Amino acid sequence: MMGQLILQLVRIATPYLLAAAGGVVAERAGIVSLSLEGYMLSGACAAAFGAYAGDNAWLGVLTGALGGMAAAAIHAIATVRYRADQVVTGIAINLLAVGATRFALRVAFGSSSNSPRVAGFAFGNPLVVLGLLAIPAVALLIDRTRFGLRVRAVGENPAAATSLGIDVARTQVAAVLLSGALAGLAGAYLALDQHQFTDEMTAGRGFIAVAAVIFGRWSPHRVGVACLLFAAAETLQIHLQTSSGIPSQFVAMIPYALTIIALAGVVGRSVPPAGLGKGVG
Amino acid sequence: MRRIIDAVLPVAIAVAIALVVGDALIIAVGQSPGVVYRLLLDGTWANAYGTAQVIYKATTLTFTGLAVAVALEGGLFNIGAESQLAAGGFAAGVVGMLLPAAVPGAVAVVMLVIAAALGGAMVGAVPGALMARYGANEVITTIMLNFIVLALLNWAVAAHLHVPETLHTRALVTGTVPRFYPGAAANATAFLALGVAIVTGWAIYWTRPGMALRAVGFAPEAAECAGISTARVRLAAFTLSGAIAGVGGTNFVLGYKHYYEDSFAGGAGFIGIAVALAGRGHPVGIVLAALAFATLSQGGLAIHAVVPKQMVEVMQAVVIIAVAAATPEVRRILRQARR
């Protein structure tokens, strides 16, 4: 019973862990990640299309990551090359993903609400393992590699990074693309787990992942713990949904309400990377 | 003149980019852009019904666009206009349903507009307070509140207030406003939208609280040094923003259906973000942008038989990104050119 519960928690945590790991990388490079939701949704749609076209879940994993990266590329070009407002662009990327995935569904399958059933994994879902590895991997990347050092330098002080010969724009684009790939995998997990893509299936999970990044104070392991916390809330929600007399609408609010409480709770202790949202100097 | 060029040029570029993207999508599904855009115009401005439908949609978008713009003047992103609009419509619908027929129409209209404003303001005040008190990121709190508030309203209607077999409340018996054209949804709340646009523009640019709002948006630390309480201004701005979005609910409840219906907002809160940005925060710009996005939205229905109407959702998002990207670029290029 307990083991099953933990397994369920880990499975629910998978998309949060993957997306939040991506969010940490982009935000540590100074790019606000409010577009994780859009990357995730694009990834989920691309994964369903890939798995459908090749009748193979692994192909779906690949196309899912690429779908997230495609959305991230638009964000990177707009914010890094053209210095567009990061928050505005991030919000628009999410709207774009909603519209574009509906458009794609309509054109490909004649329905704007869901795809046909696609291939999944016969036994378990290997993306769960990837989810568990994502946070430690990102921690290593940021703390122990040359690229991670550049990411931190660019995120804390882009002007100083430039003077040290670091290509700020390139580092930021790479970080955003990586976050897109990770969030795309989060979306691929959702689509392959449910064997189909449904309209707006991410249901705010990308934003909850952003909240986990803030709540975890931009430090990978704390962010991972925050993801598990939000996943626990969702697990509780699922159990209450089936076993209690509480109206379903109230139960459905639990993860969203917890997110707000978590955000309000970290005031003053949550210090973002100094260059976050400032753009290239 | 310079200021007008600075404001309009990025929007013109963004529209051009959005049209190119639209063309690409049309061609991708094997249709001809000329034919599709003709269909779009035929379904909107070509006849009285289409025009009235555009005006109806533009009315709601003017409210949500103004709501987003007011918050933006204070440096705040209100992504919650969707649920604020719904809460305003809900408040107007529930109060309206309880008003007896004996209440004179004019009195009822005023009461319902106030109810809608209060409904939206209540929802808007929450992220304002969370930000003022705890510094919670308003983008995320407003989005989470969208989920929470829409679920609450769904529960209230589905479990308690609905007419059997529907997801809407009982119809108003007083306090409705006339439509412009029989069969089309446009109604007298369009004038209310214009009035709110004018008053909001005046308040932001010509009054002391408006100046405080812009100061907080432009340089919060400097505003704080000048004795302005940024926390109070942000709370007030969010409350006002919510109230304006909430009044948008009267368009549906007082003017169109005469009852509150679950999920009537239908994304107008999110398109309000595009309206505010394309309208450059200026009331005239916002009304024009609302008309443009309403045309796209209504036109989407007209083209749906040949190109999926989701094409316009994509174009709306492209406009936001392109405006955001073109604004600093145009400013930079113009600055160089003028030197």
Q) Say the dipole of chain A comes from +1 at the beta carbon of Lys and Arg and -1 at that of Asp and Glu; which of A:Val271, A:Pro116, A:Ile208 then lies farthest toward its positive end? A) A:Val271
Q | Mean-position separation - Cα centroids, the range B:159-219 and the range A:99-152, in angstrom | A | 41
Q: Would you be so kind as to identify which of B:Thr250, B:Ala325, B:Val95 lies farthest towards the positive end of the dipole of chain B, taking Lys and Arg as +1 and Asp and Glu as -1 on Cβ and the Cα centre as origin?
A: B:Ala325
Q: List the GluC sites (Glu not before Pro) within the range B:131-230 that fall in a DSSP loop (any state other than H, G, I, E or B) and whose Cβ has at most 12 other Cβ atoms within 10 Å.
A: B:Glu165
Q | Karplus-derived 3J(HN,Hα), 6.51/-1.76/1.60, for each residue of the range B:61-77, Hz, glycine and proline x | A | 5, 4, 5, 5, x, 4, 4, 5, 5, 4, 5, 5, 4, x, x, 10, 9
Q: Assign one of three labels to the range A:89-141, namely rounded, prolate or oblate, based on the Cα gyration tensor with a ≥ b ≥ c the square roots of its eigenvalues; rounded applies when a/c is under 1.5, prolate when it is not and a/b is larger than b/c, and oblate otherwise.
A: oblate
Q. About the Cα centre of chain B, what is the dipole size in debye to 20, counting +1 per Lys and Arg Cβ and -1 per Asp and Glu Cβ, all else neutral?
A. 900
(Q) From Cα pairs below 8 angstrom and at least 6 apart in sequence, can you work out the relative contact order of chain B, rounded to a whole percent? (A) 36
Q. Looking at chain A, do any whole DSSP H helices span at least 18 angstrom along their long axis by alpha carbon and average 0.5 or above on Kyte-Doolittle, and which?
A. A:2-28, A:36-54, A:57-76, A:86-109, A:126-144, A:168-193, A:220-243
Q | Anisotropy class of the protein assembly as shown from Cα gyration tensor, a/c 1.5 cut | A | rounded
Q.
Given contacts defined as C-alpha pairs under 8 Å and at least six residues apart, what's the relative contact order of the range A:51-210, whole-number percent?
A. 40
Q) Long-range amide H contacts for B:Asn187: which residues qualify at under 5 Å (H placed 1.01 Å from N, peptide plane, sequence gap of 5 or more or a different chain)? A) B:Phe180
Q: Would you look at the GNM of chain A, springs on alpha carbons closer than 10 Å, and say which of A:Phe123, A:Phe147, A:Phe197 moves the most?
A: A:Phe123
**Q.** Reach of B:Lys309 by Cα under 30 Å, taken over lysines that are not fewer than 8 positions away in the same chain
**A.** B:Lys57, B:Lys257
Q. If you place +1 on the Cβ of every Lys and Arg, -1 on the Cβ of every Asp and Glu, and leave all else neutral, what size is the dipole of the range A:145-281 about its Cα centre, to the nearest 20 Debye?
A. 620
Q) Taking a ≥ b ≥ c as the square roots of the eigenvalues of the Cα gyration tensor of the range A:170-243, is the shape rounded (a/c under 1.5), prolate (a/b larger than b/c) or oblate? A) oblate
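Output the relative contact order of chain A, whole-number percent, from Cα pairs under 8 angstrom with separation of 6+ residues.
About 35 percent, as a whole number.
Compute, for the range B:1-141, the length of the dipole vector about the Cα centre, with Cβ point charges of +1 (Lys, Arg) and -1 (Asp, Glu) only. Units Debye, rounded to 20.
Numbers: 5 positive and 6 negative charges, 29 e Å.
The calculated dipole for the range B:1-141 is roughly 140 debye.
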Q | the range B:156-168 - phi-based ³J(HN,Hα) in whole Hz, Karplus 6.51/-1.76/1.60, Gly and Pro as x | A | 4, 6, 5, 8, 10, 9, 7, 6, x, 6, 10, 10, 10
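Where a number appears in this text, it was derived from the coordinates with a stated rule and is not lab data. These numbers were taken from a predicted model, which means no experiment stands behind them. Glycine gets a Cβ as well: all are built from the backbone with ideal geometry, and neighbour counts include every protein chain shown.
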